[in-house]
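J.: Attaching a single structure in structure tokens format; questions to follow.
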Amino acid sequence: MDYSLYRAEDFAADESFISYHLGTDPAAVAFWESWISHHPEKLDEILTAEHLVDLLHLRLTQAEAAEERNRMLDFLQDTEEPRLATDGDTRYNTERSSRNIGRWVSVLVICAVLLLAFLGIRRYTVREKAPVEWLSSSNPAGKRSIIQLSDGSTVTLNANSTLFYPKVFRGDTRELMLTGEAFFEVAKNPQRPFIVRTGKLTTTVLGTKFNVSAASGSPKTQVALVEGSVKIKADQLKGEVILHPSQQVTYSEKDNSLTTSAFAAEEVLAWKNGTLIFKEASFQEVAEKLYQTYGITLKNHSPKQVWSYSGKFEKADYLTVIKSICYAKRLTYTVERDTVIIR
Amino acid sequence: MDTEIWEKIRQGDKDAFMQLYQGQYQQLFTFGCRVHANRELVKDCIHEMFCEIWNGRQNVQQVSNSRAYLFTYLKRKILKELQKVGSPQHALAPEQLEQHTHELSYEDLLIGSQADEEVRAKLQKVLQKLTKTQLEVIRLKYYESLSYEEVATALQIQPRTAYNQVYEALKLLRKYMRVIVLLGVGAQDFFQKFFL
């Protein structure tokens, strides 16, 4: 049966769909949950169908049921002692703020590094009598950008990321600095190695396509290689790692180690094409990805604290994403400016 | 299993309490509407009932059948509420009330279960457009939760006919639904314009 041609009235008249909505048949529930997650474009028809079934069954609609449930939860909250008043939301907020502190610290570090680099390059260039002009490009949450470098290389810079690069490459190398995540498509020039510095890691390439992810505050830096070959060196480690295509290396600051592994290009590079992929993601992961991609803050005021959400969205707006998630989790949401509250 | 959940509630386990609430809510609402077709009143009664249960959780006697316990509780509560309201049409003895309820048609129940006056008027109009068979078929299919096979047997028609009747009725009802759904979509566009 081709359900993708179904309209609300078809769904609402379908025996298996009704069993799914009323939760009377586990097999139907499993089937429809999966089907609906793969057809987000049918969501409006599905919601109308559920509304119809609710109406004829004399059930409350989901929005109303959620409202009543919240009324009950409010009542429970009011009757309980204050010491129990913790929820996932406050936990999440503290995490966010500690991450922000981490971010500021690393911004300061980057500034210091930049200053030193500046001075170093100045000394070097003073001799050459041609000052190098450095530029920086910075993206807030929810913004991606593409930067063209003077040598013809292209950098796709992810949200929450900053790239420092010279206006014109001079000297024997092409060096830049990154915090956050970026995808590099490097113009081939074996005479002038292309070097990306991220914290304690240096990635050197001759001409290649690769993704560097060094989120500030995160203890891990990853370099994933799509094409060509790159050389990775960690400051405090002797020796280098040479990556081959489809390999990635993870640098852990904690153990000061480099680990090579295979990577799923689709997942690692999803951000570049505006694709969102969740794999059994916790609420924190979902919230962080949505903040990164759309710059919206997601709060969880629902009773559901343990999440395991899987789904994939291609170039979707954030309401489509949130609608689908809420649907799968049987939750509702409200929008307040750039904050979305799940209820 | 039922006794287990009540034991947890007695000990103040909120998750167990909400589990009971979630598990029973819709059935309680449907049942409540059968007792008295007034959406808001039924919602309030269910809410108050659960509040009372939570507040008095330490004194709840052994409950072996949650459903039966809650249904009886709710019915008493609604009937009490109706006596309290005291308007002439409501000032009936409980037995009379029950009889009165059983005379309500599915149509009346559907309309009565809607809170908004405008929505009620619209729904009434749409329901008038349905044929007697269509109404009977959707009543058996949804309200009585029969399968198409069972509906067909009850009305001595083909299952395919039963399905077609339901489908036609839904198509008409959808038109009425569209008003509500459009309202929702409009609000969303509004948000997108302002926040994207």
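J.: Separation between the residue A:259 and residue A:284 pseudo-spin-labels, each 7 Å from Cα along Cα→Cβ, expressed in nm?
T.: For the pair residue A:259/residue A:284, the computed spacing is 1.8 nm.
J.: What does a probe at residue B:167 reach in segment B:134-155, counting residues whose amide N is under 12 Å from the point 7 Å along Cα→Cβ?
T.: Nothing falls inside the zone, counting backbone N under 12 Å.
J.: Points 7 angstrom from Cα along the Cβ direction at residue B:59 and residue A:16: gap in nanometres?
T.: Taking the simple label geometry, residue B:59 and residue A:16 are separated by 5.1 nm.
J.: Would you mind pulling out the separation of the Cα centroids of segment B:1-80 and segment A:158-225, in Å?
T.: When both Cα centres are located, 61 Å separates them.
J.: Can you sort A:308, A:282, A:324 by how many other beta carbons sit within 10 Å, fewest first?
T.: Fewest-to-most Cβ neighbours within 10 Å comes out as A:308, A:282, A:324.
J.: Let me ask something else. How many angstrom separate the Cα center of segment A:27-47 from the Cα center of segment A:258-286?
T.: Each part reduced to its Cα centre gives a spacing of 24 Å.
J.: Going by average Cβ density within 10 Å per residue, which order do the peptides A:15-22, B:71-78, B:129-136, A:52-59 take, highest to lowest? Kindly include the intermediate steps, with their values, before the conclusion.
T.: Details: A:15-22: 19.9, B:71-78: 17.9, B:129-136: 14.6, A:52-59: 22.2.
Per-residue Cβ counts within 10 Å, averaged per peptide and sorted highest first, yield A:52-59, A:15-22, B:71-78, B:129-136.
J.: Quantify how strongly other chains surround peptide B:168-175 by giving the mean number of their Cβ atoms within 10 Å of each of its Cβ atoms. Each step should come with its number before you reach the end.
T.: Details: counts 2, 5, 11, 6, 1, 7, 9, 1.
Mean number of neighbouring Cβ atoms from other chains: 5.
J.: Quantify how strongly other chains surround peptide A:55-67 by giving the mean number of their Cβ atoms within 10 Å of each of its Cβ atoms.
T.: Working: counts 10, 11, 10, 17, 8, 11, 1, 0, 1, 4, 5, 0, 1.
Per-residue shielding by partner chains comes out at 6.
J.: In terms of Cα to Cα distance under 27 Å, which lysines are near enough to residue B:77, apart from those fewer than 8 places away along the same chain?
T.: Counting by Cα, and skipping residues close in sequence, residue B:77 has these lysines nearby: B:8, B:14, B:43.
J.: Excluding same-chain residues fewer than 8 positions from residue A:329, which lysines have a Cα within less than 19 Å of its Cα?
T.: Within the straight-line cut-off, residue A:329 pairs with A:42, A:279, A:289, A:299, A:304, A:312.
J.: Would you mind getting me the FRET efficiency between residue A:246 and residue A:37? Use the beta-carbon distance for r and R0 = 25 Å, nearest 0.05. Present the calculation step by step, with values, prior to reporting the outcome.
T.: Values: r = 28 Å, r/R0 = 1.13.
FRET efficiency, residue A:246 to residue A:37: 0.30.
J.: Another question, if that's okay. Compute the FRET efficiency between residue A:79 and residue A:141 as 1/(1 + (r/R0)^6), taking r as their Cβ-Cβ distance and R0 = 45 Å, and round to the nearest 0.05. List each step's numbers first, then the result.
T.: Details: r = 38 Å, r/R0 = 0.85.
That pair, residue A:79 with residue A:141, gives E of 0.70.
J.: Calculated FRET efficiency, residue A:334 and residue A:310, Cβ-Cβ r, R0 30 Å, to nearest 0.05? Write out the running numbers ahead of the final one.
T.: On the way: r = 24 Å, r/R0 = 0.81.
It comes to 0.75.
J.: List A:177, A:1 from most exposed to least, where exposure is judged by having the fewest other Cβ atoms within 10 Å.
T.: Working: A:177 19, A:1 8.
Listed from fewest to most nearby Cβ atoms, that is A:1, A:177.
Each value in this text was obtained by applying a stated rule to the coordinates, not by laboratory testing. Quantities reported herein were computed from a predicted structural model and do not represent experimental measurements. Heads up, the Cβs are rebuilt from the backbone with ideal geometry, glycines too, and the neighbour counts pull from every protein chain shown.
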